[in-house]
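This report concerns only the one structure given below.
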Amino acid sequence: MIIEFGHFALILALLVAVVQVVLPMAGASLKDERMMRVAEPAAVSQFILLAIAFVALMHAYVTSDFSVANVAENSHSTKPLIYKMAGVWGNHEGSMLLWVLILALFGAAVALFGTNLPPSLRARVLSVQASIAVAFLLFSILTSNPFLRLVPAPSDGRGLNPILQDPALAFHPPFLYTGYVGFSIAFSFAIAALIEGRIDAAWARWVRPWTLAAWMFLTIGISMGSWWAYYELGWGGWWFWDPVENASFMPWLAGTALLHSALVMEKREALKVWTVLLAILTFSLSLMGTFIVRSGVLTSVHSFAVDPARGVFILAILILFTGGGLALFALRASEMQTGGIFQPISREGSLVLNNLLLVTATATVLVGTLYPMALEGLTGEKISVGPPFFDSTFGPLMIPLLLALPIGPMLAWKRGDLAGVMQRLAFAVLAAIIAIVATYAVGHRGPWLAPFGIGLGVYVMMGAIAEWASRIKLAQAPVSESFRRARNLPRSAYGTLLAHFGVGMLVVGIIATSAYREEHILVMKPGQTLSVAGYDVKFTGFESGRGPNYREDFADFDVMRSGTSIGRLRPSKRLYDAPPQPTTEAGIHASWRGDLYLVIGDSQPDGGYAVRAYFNPLVRFIWLGTLIMFLGGGISLSDRRLRIGVPAGRGRRAIAVPAE
C-alpha cells in the first residue's frame, strides 16, 4: 500500500507542477496578485509530494519489497542497509526520482527564502522551474516509473552493481545531482527576467547565491566521483576524460564562468547579455549531461545504459528548454545594453578573460566528448578521443587562466594598476620560483615542464595569501590595525581566498601525480620484495575470506621503509553474491608525500600473482584542494551580502528601473 501511496504522490506532484506553471505566469502577465501567490504554496506542495514518493520508494528498498520491480532489479536481501538505501538512486528510475526531488527542493527554497524578490519575478521564476519539473515528471511517469509492481514477486532481488556498493557512491550522486539541478534556478531566473524584460544589477545579486550553491555541490560531487574511481576501480588514476566525467565537468566550467560574470554584472552592470546567455547554456549543459548518461549512446562505468527510446524523450526535453531559452534570448538580447565601461586592465577585464578562457575550455571538452558519438552515429566509424587530445587542448588554456587568477582580485574596478599589483604579488612569484627550483632538484625524471606546473600551482596559492595580506595591510600597518582589518573582512573575501587557494592545491596535485608517478607491473610470489619510491613491499601471503555479501581473496603485503615496517596493505578481489560480479579493491598507504597504491591480479601458472604497484605523489592535494574550494564557496554563501535576496527597499528600486 505504501508503494501505491508513493505512486499517487508522484502523479499528484505532476498535477501541482502544471498548476504552478500556468497560474503564476498568467498572474504575472495580468498583474493579478492572487494568481501569482499560488506559486509559493504550489512549489512547497510539489516538494512535499515528491519527498513522500521518494520516502515510499526508500521504504520498499529498506524492507526488501521485491514485489516492486525497481527493488527486485537493484537490491538483494543480504545487502548492508546503507547500500539498500543507496540503491534507491543507484539505478535509472530511482535516480530520476531523486533528480526531480532536488529540482523541487530548489523551487521550494526560492518560494520560502526568496521573499524579497519582486512578486512578478518570483512568480515567473517558480513557473519556469515548475515547467522543467513537468517535463521530467512526465518522463519519469511515462517511461521510467519506479513504482511498477511484479506479479508474482520474486523471492529475492538481483542486487545492486557491486562497484556501486561503496560509501563514496552512496553520497556521490545526491551531491552531483544537487549541482546539476541547482543550475536550473539560474536558468529559471534568466528566462523569467527575459520574459519580464528587466535585467539589472539586482537580478545578478539574486541569481548569484543560487549559482554559488549549485557550483559548490557540483564541485564536491565531481570530487567524490574522482575519489571513488581512484580507490575503487583499481585503475590507479583519478580522472580519465570519460564522456560521463566530461558531462559533469562541462557545466562546472560554465558555472564557474557564470559566477564570475554575475559578479561583474552586480558590481558594474556590465556583461548583461553574456551573463544571461551563460545562465541558459550552463543548465543546457546539465541537460546534455543527463542525455549522455541516460540515453544509451555510450557505455561507461559511470552511465545508466538504458533503452535508447528514453534518450529520445530526454533529447526532446533538451531541445525544448535549450532551444526555447536561446530563442527567447535572441528576441530580447537587442533590448539589453552593455552597462558600465571599463579598461582592459581592470578587475572587469580580468573577469572577462576568465570567462573567455573557461568558455573556450568548455567548448574544447564539448567537442572532444560529442565528436566520437556524432561520427559513429553518422558513419558508423568508432574513434577514441582520450587524454592526449584533452591534455594538449585543455591544458594550455588553463595556463593563462591560472597566471591571471591571483592578479584579477587585486585590480581595481574600471581601471587597474598592473605594475602595482605585480609588486604586491612579488612574494607569490618568489615562492613559485623556489618551488620550481626545488622540484628540479628533487625530481630527476619526468617532463621538463612539470616543475613550472608545480610552480604555477604554488603561485596561485601564494597569490591568494598575498591578496589577503594586501587587504589587511600586513607588515604595512600596526598589528592591531591589520587584525582589525582581518576581522572586518567580509566572509565572501575569505571564501574567494579559500577557493583560489584550493585551485592552486588542485593544480599541484594534478601536475605532481601526472608527471612523477611511478608504476610497476610484475608477477610476485610470496616472500618476494618490490621496491617502489623508497618503499620496500614484501608479499607475505594470499588468503581468502567472507564479507557480508561477497567472497574475498586478498594478498598480504608488508610495507617497509629504511628496514622498518610502517604498515600492511591488503589489496583484494571480491566476488559478490548478487549479482555474481567481481570487483578489485586497491590497497593504499597514504602519506604526506603521496600514495603507495597496490592492486592484485590473477594467479599465474608458476604460483605467482600479477601485481600492479603505483606511487602517486601529492595525489591527496587533488581532493584536499576541491574540499577547500567547497568550503570557500560555503563561507562566501554565508556572507550576509550574499544571502538569498537583497534588502527589500533596494530590491524594489533596482527592479523598477529598466535595463535600457
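The values are calculated or read from the model by the stated rules, or taken from the named source; none is laboratory data. Everything numeric here is computed off the predicted structure, so don't read it as measured data. Glycine also receives a Cβ, built like all others from the backbone with ideal geometry; neighbour counts cover every protein chain displayed.
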Quiz prompt | Test: Gly645 is modelled with pLDDT under 90 and closer than 18 Å to Ala214 by Cα | solution = yes
- Query: Going by the conditions given, is Ile383 out of contact with any helix residue (DSSP H, G or I) (no Cβ under 7 Å at 6 or more places or on another chain), among the β-branched types (Val, Ile, Thr) and surrounded by fewer than 13 Cβ atoms within 10 Å (Cβ to Cβ)?
  - Reply: no
Those residues of segment 405-438 which are part of a helix (DSSP H, G or I) and closer than 16 Å to Glu348 by Cα amount to Gly408, Pro409, Met410, Leu418, Val421
Check: Do we find that Ile48 is over 17 Å from Leu137 (Cβ atoms), hydrophobic (A, V, I, L, M, F, W, C) and surrounded by fewer than 22 Cβ atoms within 10 Å (Cβ to Cβ) in this structure?
Finding: no
Any hit, segment 141-154, residues being outside any loop (DSSP other than H, G, I, E, B) and under 23 Å from the mean Cα position of the chain (by Cα)
no
Screening Ala270, Ala262, Ala257 for residues that are within 17 Å of the chain's Cα centre (by Cα), hydrophobic (A, V, I, L, M, F, W, C) and either surrounded by 21 or more Cβ atoms within 10 Å (Cβ to Cβ) or part of a helix (DSSP H, G or I) (or both) leaves only Ala257
Checked segment 577-607 for anything at pLDDT 85 or above, over 23 Å from Val523 (Cβ atoms) and in contact with a helix residue (DSSP H, G or I) (Cβ under 7 Å, 6 or more places away or on another chain); matches are Ala590
For segment 390-404, indicate whether the set of residues that are outside any helix (DSSP H, G or I) and either in contact (Cβ under 8 Å) with a residue 40 or more places away in the chain or out of contact with any Lys or Arg (no Cβ under 7 Å at 6 or more places or on another chain) (or both) is non-empty.
no
Those residues of segment 515-542 which are loosely packed, with under 14 Cβ neighbours inside 10 Å, of a type in the set (Gly, Ala, Ser) and not in a strand (DSSP E or B) amount to Gly527, Gly534
Before we move on, is Asp595 under 30 Å from His76 (Cα atoms) and among the acidic types (Asp, Glu)?
no
The residue from Met25, Met58 that alone is under 18 Å from Pro167 (Cβ atoms), assigned to a helix (DSSP H, G or I), of a type in the set (A, V, I, L, M) and not assigned by TED's automatic domain parsing to the domain that holds Thr290 is Met58
Quick count over segment 439-472, residues being assigned to a helix (DSSP H, G or I) and either of a type in the set (A, V, I, L, M, F, W, C) or in contact with a Lys or Arg (Cβ under 6 Å, 6 or more places away or on another chain) (or both), is 16
Just one listed residue, out of Ala123, Ala109, is surrounded by 20 or more Cβ atoms within 10 Å (Cβ to Cβ) and assigned to a helix (DSSP H, G or I), and it is Ala123
